[in-house]
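Taking it in order: structure first as structure tokens, then the write-up.
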Amino acid sequence: MTSHTVYSRVPAGAICVDNPIKALGIFVLFFIALFALLSAFKGVPYSYSLWSLDSTSTSQNDDALGVNSSQSVEVPKDKLLAGLLPEGLDENSCLSRYQLVMYQKQQMRRPSSHLIHRLRKYESLHRKCGPFTESYNRTLEYMKLGKYTNSTDCKYVVWTAIHGLGNRLLTLASAFLYALLTNRVLLIDPGAKIADLLCEPFPEVSWSLPSNFPVTSRQFNAFRKNSPQSYGNMLKNNILGNSTSTLPPYVFLNLVGGYNDYDQLFFCDEHQSILQKVTWLIIKSDIYFVPSLFLIPSFEQQLSNLFPEKELVFHYLGRYLYHPTNSVWGLITRNYDTYLARADERIGIQIRIFNWRNHGPYVLDQILACVRKEHLLPRINQSKSIFIPFDDQKPKTKAVLMTSLTSWYSEQIRNMYLQHPTVTGEVIQVHQPSQEKYQQTGKQMHDRKALAEIYLLSFSDKLVTSACSTFGYVAQSLGGLKPWILYRPEKLKAPDPPCQRAVSLEPCFHSPPSYDCKRKKGIDTGKLVPHVQHCEDRKKGIKLVDRNEDL
């Protein structure tokens, strides 16, 4: 059953039959269909049935999840994404890896040969140095003894999570790019609970940090800028020297928004030279720090070769790293096939209210002003109760996918289009997969729904997102979409203009460093190079741009 309007013509008397049993069956089926149709028009409550996965279950059984791997699925023409993905991985264990290409917008541009070569080289390094390999075990022994070692050519970046799912996905990609640039192996803190959401991205060897690692998830969570292991704190207290004998077995990098001047020295070349000697680096971050990597001179040539088109950095990293597990993929495909697949056009609207005092009718007015001004959705005709087409053609359908912690906005927009015809005759259908009321990061089913909604938004033809929302950043970049960004309301009023088209599909780095490593003074990092500029939704932030092309 879908939420799409069905047009049919039944001959007069077709439901009249002589057999009373057959008539009773038709009568029962009619009321079942009527109930489902009414439920669909009510909207969100009926759609909850598609989140039909027990939140306590971690089963990967495809049939139980509504994803039958034995069914004949059309093989994508370019399932390896022009060489971005590695060959030889088990397709049934992670259906999304090669099926995502059938749902997301197809890009005309292709990853550079340098990026593809570097990813294959990284995969070889990961096989050599990953968990439980000989090199890993050797470095781990020194780590347990609290000693520095350079006895192997394996070095590591350990990523630990903080804040919501959008932040986590952005910082994980940032940590991976840093690993590529510094020839390190990326491992992730199992306390981040990513394994339930994403498939293993690298062939043969896991990216999950084993449980016998000397630093526990609890210790990761306790790291702060003033922790003794913090690089910024070590610099402040003059603990580090030029000799390797003074180097610790690992260093904690505090890259959390609000970090201090000493922590920001991470983005200086001279400090990268010091960090390159350390075997284990532990990164804790809630910000997409990739744009500032482009401002480090020693990385400049590598990054230029890897990403000739700067606004596609997260797009490629995300499509390479992130593949929803079969449990999440089931949620995604059931919602898409039921509510979005048959529409002529799909419009995604992502609403993030950071301060609930800003929740109100004026936000709805802003959303409607944006979609009307940008011709994303048609106006309604309040003077008529029905639209009379000029011909017998079936009206076009636009499916609107809305994501928000509250269902109020989607209900208002759905009711508006149900009560009045559009001036264009288009049929507008509104679907909101969930309404969680408040963010519950770390809860299994909540995170599954969140990841599913990110991907559903990425399948849009056109996208509207909320300012400064990392959730929206991930969706736009994965989908290769330049969204219309809703400005943050001020003084309980809808801003004018209500929204602005993004100049790039790259996420914004909300808290970039403001220190000039060469001149030893403050600087505006949004004005140093043409391909790094200030964000539309956060003036102090910076983002990567390409002005020559348009996706």
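The values are calculated or read from the model by the stated rules, or taken from the named source; none is laboratory data. Predicted model only: the values in this text are computed from it and were never measured. As a convention, Cβ positions derive from the backbone with ideal geometry for all residues, glycine included, and neighbour counts pool all protein chains shown. Please note that ligands, DNA and RNA were not included when accessible areas were found on the heavy atoms of the full protein model with its side chains. Shrake-Rupley method; radii C 1.70, N 1.55, O 1.52, S 1.80 Å.
Once a ≥ b ≥ c are taken as the square roots of the eigenvalues of the Cα gyration tensor of segment 196-333, is the result rounded (a/c under 1.5), prolate (a/b larger than b/c) or oblate (a/b not larger than b/c)?
oblate
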Projected label distance in nm at Arg120 and Gln393, using a 7 Å step from Cα toward the beta-carbon
4.8
How much FRET efficiency would the formula 1/(1 + (r/R0)^6) give for Gln412 and Arg501, where r is the Cβ-Cβ distance and R0 is 25 Å, rounded to 0.05?
0.55
Can you send over the solvent-accessible area of Ser434, 1.4 Å probe, protein chains only, in Å² to the nearest 10?
0
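For Asn237 and Asp461 in the same chain, what is the full-extension length gain: residue separation times 0.36 nm, less their Cα-Cα distance, in nm?
Gain on extension, Asn237 to Asp461, equals 75.4 nm.
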How high is the FRET efficiency between Ala222 and Lys518 when r is their beta carbon distance and R₀ equals 30 Å, given to the nearest 0.05?
0.30
Would you tell me the accessible area of Arg110, worked out with a 1.4 angstrom probe on the heavy atoms of the protein chains, in Å² to the nearest 10?
150
Assuming a ≥ b ≥ c are the square roots of the Cα gyration tensor eigenvalues, decide whether segment 110-308 counts as rounded (a/c under 1.5), prolate (otherwise, with a/b larger than b/c) or oblate.
rounded
Please list, in chain and number order, the residues 5+ apart from Arg352 or on another chain whose amide H is under 5 Å from its amide H, with Hs placed from the backbone.
Ser466
Over what distance in Å are the Cα centres of segment 425-491 and segment 276-299 separated?
28
Per-residue SASA entry for Glu426, accessible area with 1.4 Å probe, Å² rounded to 10:
40
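By the gyration tensor of its Cα atoms, with a ≥ b ≥ c the square roots of the eigenvalues, what is the shape of segment 479-545: rounded for a/c under 1.5, prolate for a/b over b/c, or oblate?
oblate
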Give the calculated FRET efficiency between Ser304 and Ser385 to the nearest 0.05, with a Förster radius of 45 Å applied to their Cβ-Cβ distance.
0.15
Please compute the modelled spin-label separation between Leu492 and Lys527, points set 7 Å along Cα→Cβ, answer in nm with one decimal.
3.8
Want the number for Lys373 to Ala341: 0.36 nm per residue separation, take away the alpha-carbon distance, what's left?
8.9 nm
Heavy-atom accessible area per residue of segment 326-544, all protein chains kept, 1.4 Å probe, expressed in Å², is 43
Between Glu87 and Lys128, what is the spin-label point distance in nm, taking each point 7 Å from the Cα along the Cα→C-beta axis?
2.2
